[in-house]
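Visitor: Take this structure first; my questions come after.
The values are calculated or read from the model by the stated rules, or taken from the named source; none is laboratory data. Source: prediction; values computed, not measured. Cβ atoms come from the backbone with ideal geometry, glycine included; neighbour counts cover every protein chain shown. To get the accessible areas, we keep the full protein, side chains included, count just its heavy atoms, and leave off ligands, DNA and RNA. Shrake-Rupley method; radii C 1.70, N 1.55, O 1.52, S 1.80 Å.
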Amino acid sequence: MQTLSRTRTRKRRQRRNRPWRILKRLVFIGTMTVATFMLLGAIFLFATDTGEELREWAAGTLLTTQHDYWAPYTFLPDEKLEALKQQIRNPVVINSADDTPKIHEEEPPVAVEIQEVKKELIEIEEIDEKRSNYYFKGKIMYISDPKRVHLLVSNRKDRGELLDEFVKKHNALGIVNASGFSDPDGYGNGVKAFGLVIKDGKILQGYNAKGGETALGITFDGTLITGNYTAQQLVDMGVKDAMSFRPQLIVNGKNLFADKPAKSWGIQPRTAIGQKEDGTIVFVVIDGRQPGHSIGASMNDIAELLAERGVVTAMAMDGGSSSMMLHNNEAITKTSCPYFRGRHLPNAWAVL
């Protein structure tokens, strides 16, 4: 009887443990499968020229994220990895306008003819592009009146604000993310923007204009300016709102990425702001990191898209999981952030 009892107890334990044994087997099989594909992929990557190009893409992508410490594990030659780092850390910067002080009532620092033809305030264009190795989707928002574009700044002390919170508070018709912020391991709360911040002609935050970040501002008369300017220089030039990020994409009609390797900044979700010659402000957001929907775009892609549409000055905003666009309080792009409402942000460009 005692032996029978022990046998029954053992069988009960086996039945209870069966799900765990199945799970362990599945994990083991999955791990081995992933390891096998990684090994085969590594053999391919090291054995072909295409493989080195893919590793350059991977390194450029990693270097523009919070996980840049993984970039050396792409096993690029040191000189190529260092070249990618330099292109990202020290982009060429061209001042788009003379920094001579301006008065608000004077003409914009760069001649921009504002068309008087009546247009819709906001128009939306859908982007669906395919490249040889990747594909991306997104939206472009055209704002016909540049004076309706403002930088909205969070005044919270505990965290930044979600885009839909900015919209509700300011009755914004359209909105995209703007500045970058401290984001260790993807858990930043967006409470403090990197670089300078100017709101309604007042300096809220200054910065070192030679520190790598590039300023983007909109004057009281609706002209978009980018370059290496101090906060005070921008205010003296008649700038109403400004923030900073990088890199510049187009300056005075010149595509700064036309002769640069697309791999340098990798493939990511992107946000950018620009202006056409007729004064129209352009917002663009590209979705990314979503296989089956949109992988992401290179800086070359964004610069080319905007140049093709007549944009003469443009700069990238913060990208990655911060990239998002709302129109009439509805998300019209698909964020890569796990939270569908996006991330907490220190500020945003909006149409009021």
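Visitor: Using square roots of five times the C-alpha gyration tensor eigenvalues, list the equivalent-ellipsoid semi-axes of region 171-270 in whole Å, biggest first.
Guide: 22, 19, 14
Visitor: Stokes-Einstein at 10 °C, 1.306 mPa s, Kirkwood radius from Cα pairs: D for region 244-321 in µm² s⁻¹?
Guide: Values: Rh = 12.4 Å.
Rounded to a whole number, D works out at 128 µm²/s.
Visitor: Which pairs break 32 Å Cα to Cα here: 260/334; 168/263; 157/263; 169/240; 202/254; 130/169? Kindly include the intermediate steps, with their values, before the conclusion.
Guide: Numbers: 260/334 28 Å; 168/263 39 Å; 157/263 38 Å; 169/240 20 Å; 202/254 30 Å; 130/169 37 Å.
Correct reply: 168/263; 157/263; 130/169.
Visitor: In the full protein assembly as shown, how much of residue 99 is accessible to a 1.4 Å probe, in Å² to the nearest 10?
Guide: Accessible surface of residue 99 is approximately 70 Å².
Visitor: Using the C-alpha gyration tensor of region 207-352, what are the square roots of 5 times its eigenvalues, in whole angstrom, with the largest one first? Mind showing how you got there, number by number?
Guide: On the way: eigenvalues 117, 67, 45 Å².
Working through the eigenvalues yields semi-axes of 24, 18, 15 Å.
Visitor: Taking the square root of 5 times each eigenvalue of the Cα gyration tensor, what semi-axes in Å does the equivalent ellipsoid of region 134-208 have, largest first?
Guide: Numbers: eigenvalues 92, 73, 40 Å².
Square roots of five times the eigenvalues give 21, 19, 14 Å.
Visitor: Label residue 120 and residue 182 with points 7 Å out from Cα along Cα→Cβ: what is the distance between them in nm?
Guide: 4.3
Visitor: Local charge sum around residue 270 (other residues, Cβ-Cβ under 10 Å, Lys/Arg +1, Asp/Glu -1)?
Guide: Values: positive: none; negative: 287, 301, 318.
Local net charge: -3.
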